[in-house]
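The values are calculated or read from the model by the stated rules, or taken from the named source; none is laboratory data. What you see is a predicted model; the values in this text were computed from it and never measured. Neighbour counts are summed over all protein chains in view; Cβ atoms, including those assigned to glycine, are modelled from backbone coordinates with ideal geometry. Areas reflect the complete protein model, heavy atoms only, side chains present, ligands, DNA and RNA absent. Shrake-Rupley method; radii C 1.70, N 1.55, O 1.52, S 1.80 Å.
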Amino acid sequence: MTTMSSIWPLFDLTLATPRLELRPITDQDIPAAVEAARSGIHEPGSNPFSNPWTELPDDELGPNMARWYWRCRAECTPENWTLLLGIWHEGQFIGCQDVGAKDFPALKTMSTGSWLKQSAQGRGLGKEMRAAVVLWAFDWLGPEVAESEAAAWNEASLGVSRSLGYEPNGTTRKAWGSQVQTVQLVRVTPETFKRPDWELRVEGHEAAARFLGIA
């Protein structure tokens, strides 16, 4: 019998840390993701996202998030992919950690981004979920570099990056909603990565890697 796993094996990927479970967001997970986002991610006037999606009215936020999840799946190819991993803590959906790559066989570079609902912030969970995807990348997929970025004022995000061994990689200017922000670029390599003192547990990797065209 044909199963969803045989059609879209990414859904079987699971990364587990001491406190978190990370797995691709399915359609059944979208309501929990929308509820977590509606609960609040940042203080008013301090939007950490260049696309101010968190400022949408409630009746637009859910459809916008669903469209983004569907778009990332629809455009997922070995040449250009973004994997959106939901974050579960004690059985509750608390945020999203993405990891993606373009022209990975040639560039050997991955990028990450994330959000975490406010009530889950300040407990080291943001660092733990970033460490999970970087561990998976370096130990299972084989990139030479992992990149990230944040608005220059976003000390929380940049602090997580520094704590994991990311180094500055220049700045750029980007449209940030209706404003322009200076954005700090950061990068980490297997040699500079500050590994956590716990072991990452991975399930469903082999089929997911084949689907992404990574040997």
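Remarks
- Looking only at residues in the stretch 43-76 that are in contact (Cβ under 8 Å) with a residue 12 or more places away in the chain and over 25 Å from ARG130 (Cβ atoms), the one that is nearest to the chain's Cα centre (by Cα) is GLY62.
- For the stretch 175-199, a residue qualifies if it is farther than 21 Å from ARG162 by Cβ and not β-branched (Val, Ile, Thr), and the qualifying residues are ALA175, TRP176, GLY177, SER178, GLN179, GLU199.
- Pairs meeting the criteria (first residue in the stretch 174-200 and without any contact (Cβ under 8 Å) to a residue 24 or more places away in the chain, second residue part of a strand (DSSP E or B), beta carbons under 6 Å, at least 6 apart or on different chains) are VAL180/ARG173.
- Selected residue [hydrophobic (A, V, I, L, M, F, W, C) and more than 16 Å from GLY113 (Cα to Cα)] from VAL202, VAL133, VAL160: VAL202
- Residues of the stretch 96-118 satisfying the condition of being over 9 Å from the mean Cα position of the chain (by Cα) and either open to solvent by less than 20 Å² (accessible area, probe 1.4 Å) or closer than 24 Å to SER50 by Cβ (or both): ALA101, LYS102, ASP103, PHE104, LEU107, THR109, MET110, LEU116, LYS117, GLN118
- Among all residues of the stretch 133-151, there is at least one that is assigned to a strand (DSSP E or B), at pLDDT 95 or above and open to solvent by 20 Å² or more (accessible area, probe 1.4 Å).
- Residue-level check: of (1) of a type outside the set (A, V, I, L, M, F, W, C); (2) buried (at least 20 other Cβ atoms within 10 Å of the Cβ); (3) without any contact (Cβ under 8 Å) to a residue 24 or more places away in the chain, ARG130 misses just (3).
- Residues of the stretch 9-37 classified as surrounded by fewer than 16 Cβ atoms within 10 Å (Cβ to Cβ) and not small (Gly, Ala, Ser), total: 7
- Checking GLU60, GLU43, GLU128 one by one, the residue that is in a loop (DSSP other than H, G, I, E, B) and of a type outside the set (S, T, N, Q) is GLU43 and no other.
- Among the residues making up the stretch 11-40, those that are touching a residue at least 60 places away in the same chain (Cβ under 8 Å) and in a loop (DSSP other than H, G, I, E, B) are LEU13, THR17, PRO18, ARG19, ILE25, SER39, GLY40.
- The residues in the stretch 54-81 that are more than 17 Å from THR112 (Cβ to Cβ) and open to solvent by 40 Å² or more (accessible area, probe 1.4 Å) can be counted, and the count is 17.
- Within the stretch 156-204, the set of residues being modelled with pLDDT under 95 and either exposed (fewer than 12 other Cβ atoms within 10 Å of the Cβ) or assigned to a strand (DSSP E or B) (or both) comprises LYS174, ALA175, TRP176, SER178, GLN179, VAL180, GLN181.
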